[in-house]
Amino acid sequence: MLRALVLSFLLLTGLIAPATAQTDLQTILQTHAAEVESPGRQSVGIVLNDLAASGLPGVAAFLEAWQGREVVRNAQDGLFYRQGRAQGNDVPLLDIATGAPAGTAPKSALTESRPNGGVRREIASALVRFQLSDPDIAKRSAAVDSIARSPDPEQVALLAESIDDEPDPALKMRKEQLALMLTARFGETTEARVEAIEALAGSLSLDVRATLNQILTTTDGVAAEAPQANIARLREPGIDMPLFTAYRELVDAGLAPPRVPPAQLKEALAQHVEGGTVAGIPLAQLSDPARREEAYQALAAQGLVAPTVPEADFNRALEAHVFYSAYAETDPAVTDAARRTLDAIQTKVGVNQTADIALDALSLASIYFLAAIGLAITFGVMGVINMAHGEFIMMGAYTGYVVQLFIPNYTLSLVVALPLAFAVTFAAGVAMERLVIRWLYHRPLETLLATFGISIALQQLAKNIFGTQARPLTSPGWLDGALVINEVIQISYIRIAIFVLALIFLGLILFALNRTRLGLEVRAVTQNPGMAASMGIDPDRINMLTFGLGSGIAGIAGVAIGLYAKVTSEMGQDYIVQSFMTVVVGGVGNVWGTLAGATLIGGLQKGIEWFNPSNTLAAQTYMILFIILFIQFRPKGIVALKGRAAGD
Amino acid sequence: MTFTATNARPAPRRSFIAQNPSVLWFLLALAVFTLGVTLLSEATGTGFLSTSFVKTLGKTLCLCLVAIAMDVVWGYCGILSLGHMAFFGIGGYAIGMWLMYARTEIIVTRSLMAAPIPPTEQEIVDSIGTQIFGVVGSSEFPLIWSFADSLFLQLLMVIAVPGLLALVFGWLAFRSRVTGVYLSILTQAMTLALSLYLFQNDSGLRGNNGLSGLQNIPGLEEMGQATLSIVFFWASALALGMGYVMFAWVVSGKMGSVIRGIRDNEARVRFLGYPVERFKLFVFTLTAVVAAIAGALYYPQAGIINPAEIAPIASIYLAVWVAIGGRGRLYGAAIGAAFVSLLSSWFTGGGAPDINLGFYRIQWTDWWLILLGLSFVAVTLFAPKGIGGLFDLLSHRHAPDRVGDYGPDKGALRAEEGSEPEEAK
């Protein structure tokens, strides 16, 4: 039969092929007019093969129309058309090849071609073949998508055929992977499936994992003895599942009589109270579960309630049966291969996730670094605890927000906002230093309290001006989206930008402290203010500038933080404690120390979050506990100053 | 020989009260205040003061107690702890667990007893669990609730948990010589860790819902809130009085001198041979326990406790009260706490009239924090002695002019020379 078909196909194509070069779709259809008009599953193959061989552009559209029962034959001229939406008795006709309007015809003159289910499947697979080798890449990719969405065993061969001719390398890879996935699920021999599964090992895609998981689907069952099935694992009642759930499975499988759960038992007893007793047992004794059971069994014996199994039988029944999970896939070689491959993939995913977390940690570290570096200067270099540092961050972020109100171009507004935020917070810092802090240099604990007063005042002031709701600080369009390295590792451009900003500031501060006149004077005042003063350096001026510098950087950090978090009057609070810890852990009075502290804290927080991803609160808690312990062992921080500057 | 004998005779020991005249005055003022409130309350007097106001006054007394504890650890010992409100909160949680458990048990038992079949013990425990933890999607009792059914054990927890926490934390911190601002940051980190932990739903303490319904004391339902408020007011006043006397005793005499010595120059006291760490640990732990007791009295009057009350900012406010009241004198701390907390509730409660400037209307609910913040800066800058300093004018006590600060040694601070030309003048 098959041979005959192939033979006739060859014959037909051989005969018609020279003609089709000039001919159009209508001609081919007319050649097979009878088959097209009332297609049968056996005969449709010839038509489809002819169409496929013709290579005409309208074939795919025709097949879709045919599948959708839109093809009609007009008795008046004997030609095939696509029918439009009928209006009254007249049906508008569309040209079969081009879809252009081709007049109307009365309903009675049209014969609809009604392919049945089997034929439509044939058409569909032919259609897939067309789409898979369509010249338009969008159509090919859509066909691959649709196969991936609803995988079908019959598409394996079609897909495999189209791989070799695929010109686009990315789509070719997808096709190859999809073919492997289909083979893994629907392949005919065990060897072919195992081979396909093992070939999937290197992939990180979610689809591959879903396919493997599908192969590894299990169903739960229970039996007196372990059955001859591809058993995944055995389940222990009481460990893997509650006893009552396990027993319910037994009951559902018809392997044990039902046992009434305690709540229902109590209800049944309540319905049979007679004169202060239930089945002769006084109510007062029914607070004991054993007596309740006794009363219920007595009622059951009288036939008043549904019988229940005594507890001893309950336990015995659970012990006597095997609870198992069996693979739906019966071939153990396939499930073993799938399990192995999935494990390998999971390991690879784990490695990649670690890399992803490392990137996250790095970006968190750069945020902490930006938030803390200003503090490291004021606290570390000047010994002043500035509790209002968080509010300087907030001021910077609000500056960015206000700038965006006036400059609608986000890129331009960012370019304006960064220096403006620096200027605003620099001025605020200098004012605070002049008005408050310089009177308190010899009372460090009191700077903590005075700056706290400024902090709550500034916070409330921001609340009065900007309201309590969060204000947006929108990042420019070119910072949207994320850099996708593979299916697991990706990092948003904003975080990269913040990382770059942190690097720039690290460089700038190192340069300013080590290579400029101001830096030299700052370091001199830090080490020995008296000596510095006698060398002609004005410590007052240096203090003022240093404090302004630290505050200004906080303002820039505020713009950066505002870009990815919301701007609220309380945003500074979220960073102040972390910033202090960054400075203290890193070691006071040292830029590298702050960098080390930020890296440690960011890494720790992300690392702990990794163990328990759902709970960032717990991660912060454990991180702080770790830091408290860390300070015990290195009270001076990671990078401790040595010599006189250490102040010992 | 005789004059050696007269020389050897110790100077006559002055009595504790004579050494600390403020104790007598403070107790007298407290007694008069308590009596006055009792006579004006709804339950025992004319009804001039509403029950809720009596509760506010009772709560204020508890705040005074924790402020005194803070003054001892900061104003006398020089440890600026930003964790004492955490101990206060732990005390509240410890008593709150019993209050909530016992009251839920009464309600649950009553409703279960109304059913025809009496409940089993397991059923009672299960439905108490569902009642208490239903709000965080659980019904299991976490381990820390093991003692919640016993008032005695829970009262023991009020003292034991903060005491142990302070002991371990203090031992770790003082042992490695963490001082000054570093210690403040460390205690603040501890407070933050604790409040973040309590914010989690699976902490076993109902996450950010906290414990509620604490104003209903199990077994005293028929007493009524009016009487209960006076009972707690008296208890708070008693605790404040006893706490004052105890701390006055701690900071007087030889131990007081050592403690103040540690504040002024820790290194010198250590060189004199005193075990500085042990003194600090003692003060830190004792004040933590007193703070917890104050919390255990405060929260039954407040009715609800949640992790936000433990957040670091609460402890900073405590330091603010003490500083405004005046450090280094116990009555100063009590005055500061009462003054600022009452004033704060007056301003934020809308008690203060708005000020119309013509172009802008100052509403104190919005502007109070700004006023507080700025006045706090002003007190720090211009009146380091705080409100308590006013009493020096009355008693003509002239404290020696301090050159140094009220803090410990300077931690990370650089040497003073040159940095303050105005001091050098």
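Bear in mind that the values in this text are calculations on the coordinates, not laboratory data. Not measured: the values here are computed from a predicted model. Reconstructed Cβ throughout: ideal geometry from the backbone, glycine too, with neighbour counts over all protein chains shown.
Based on DSSP H segments of at least four residues, each scored -39500 (n - 2.57), chain B has a per-residue ellipticity at 222 nm of -21500 deg cm²/dmol. Straight-line reach from residue A:175: taking Cα to Cα under 19 Å and skipping same-chain neighbours fewer than 8 places apart, the lysines in range are A:139.
Ordering A:397-409, B:72-84 by mean Cβ neighbour count within 10 Å, with the highest value first, yields B:72-84, A:397-409. The radius of gyration of the Cα set in the stretch A:537-605, together with its Dmax, comes out at 14.0, 42 angstrom. With Cα atoms as the point set, the protein assembly as shown shows a radius of gyration and Dmax of 40.6, 153 Å. Its Cα gyration tensor gives the stretch A:349-646 an equivalent ellipsoid, and the semi-axes of that ellipsoid, as √(5λ) in whole Å with the largest first, are 30, 24, 18. According to the calculation over all Cα-Cα pairs in the stretch A:485-577, the P(r) per 10 Å bin from zero is 14, 33, 27, 18, 7, 2, 0 %.
For the Cα trace of the stretch B:95-176, dividing Rg by the Kirkwood Rh returns an Rg/Rh value of 1.16.
In terms of Cα to Cα distance under 25 Å, which lysines are near enough to residue A:606, apart from those fewer than 8 places away along the same chain? Hits, sequence-local ones excluded: A:348, A:566, A:636. Here the Debye sum runs over all C-alpha atoms of the stretch B:48-188 as equal scatterers in vacuum, and log10 of I(q)/I(0) at q = 0.13, 0.19 Å⁻¹ comes out as -0.78, -1.12.
Projected onto their three principal axes, the Cα atoms of the stretch A:74-221 cover extents of 60, 45, 24 Å, largest first. Of all complete DSSP H helices in chain A, those with a Cα span along the helix axis of 20 Å or greater and a mean Kyte-Doolittle hydropathy of -0.5 or more are A:2-20, A:117-132, A:169-186, A:332-375, A:389-406, A:410-435, A:444-466, A:493-515, A:539-564, A:571-586, A:591-611, A:616-633. The calculated Kirkwood hydrodynamic radius for the stretch A:196-301 is 18.2 Å, given to one decimal from all distinct C-alpha pairs.
Would you compute, from DSSP H runs of 4+ residues alone, the mean residue ellipticity of chain A at 222 nm, taking -39500 (n - 2.57) per run and dividing by the full residue count, rounded to the nearest 500?
Mean residue ellipticity at 222 nm (helix-derived): -20500 deg cm²/dmol.
Ignoring lysines fewer than eight residues from residue B:385 along the same chain, the ones with Cα atoms less than 28 angstrom from its Cα are B:59, B:254, B:280, B:410, B:425.
Take the Cα radius of gyration of the stretch A:187-226 and divide it by 2.2 N^0.38 Å, N being the number of residues; the result is 1.56.
Legend: mean number of C-beta atoms from other chains within 10 angstrom of residue C-beta atoms, peptide B:312-322, equals 2. Between residue B:365 and residue B:144, the modelled label-to-label distance comes to 3.4 nm, taking each label 7 Å out from Cα in the direction of the beta carbon.
Would you mind giving the three semi-axes, in whole Å and largest first, of the ellipsoid equivalent to the stretch A:35-120 according to its Cα gyration tensor? Rounded to whole Å, the semi-axes are 22, 15, 10. Computing Rg and the Kirkwood Rh from the Cα coordinates of the stretch A:398-459 gives a ratio, Rg/Rh, of 1.16. Assuming charge only on the beta carbon of Lys and Arg (+1) and of Asp and Glu (-1), the dipole of chain A about its Cα centre is about 2560 debye to the nearest 20. A Stokes-Einstein calculation at 4 °C with viscosity 1.567 mPa s, built on the Kirkwood radius of the stretch A:260-308 over Cα pairs, returns a diffusion coefficient of 125 µm²/s. Taking the empirical scaling 2.2 N^0.38 Å for compact globular proteins as reference, the stretch A:508-648 has a Cα radius of gyration ratio of 1.23. Taking every Cα-Cα distance in the stretch A:365-424 and sorting them into 10 Å bins from zero, the calculated P(r) comes out as 22, 43, 27, 8, 0 percent. Take each residue of peptide A:620-632, count the partner chain Cβ atoms within 10 Å of its Cβ, and average: the result is 5.
Neighbour counts of C-beta atoms inside 10 Å place A:499, B:391, B:271 in the sequence B:271, B:391, A:499, starting with the fewest. The shape of chain B can be summarised by an equivalent ellipsoid whose semi-axes, obtained from the alpha carbon gyration tensor, come to 41, 26, 24 Å from longest to shortest.
Counting only the backbone N, which residues of the stretch A:328-344 are under 20 Å from the spot 7 Å out from the Cα of residue A:226 toward its beta-carbon? The answer is A:328-340. With Cα atoms as the point set, the stretch A:202-246 shows a radius of gyration and Dmax of 14.7, 43 Å.
Taken over the stretch B:204-258, the ratio of Cα radius of gyration to 2.2 N^0.38 Å equals 1.79. Normalised by residue number, the volume inside the convex hull of the Cα atoms of the stretch A:133-217 is 94 Å³ per residue. For the listed peptides B:187-197, B:41-51, a ranking on the average number of other beta carbons within 10 Å per residue, highest first, reads B:187-197, B:41-51.
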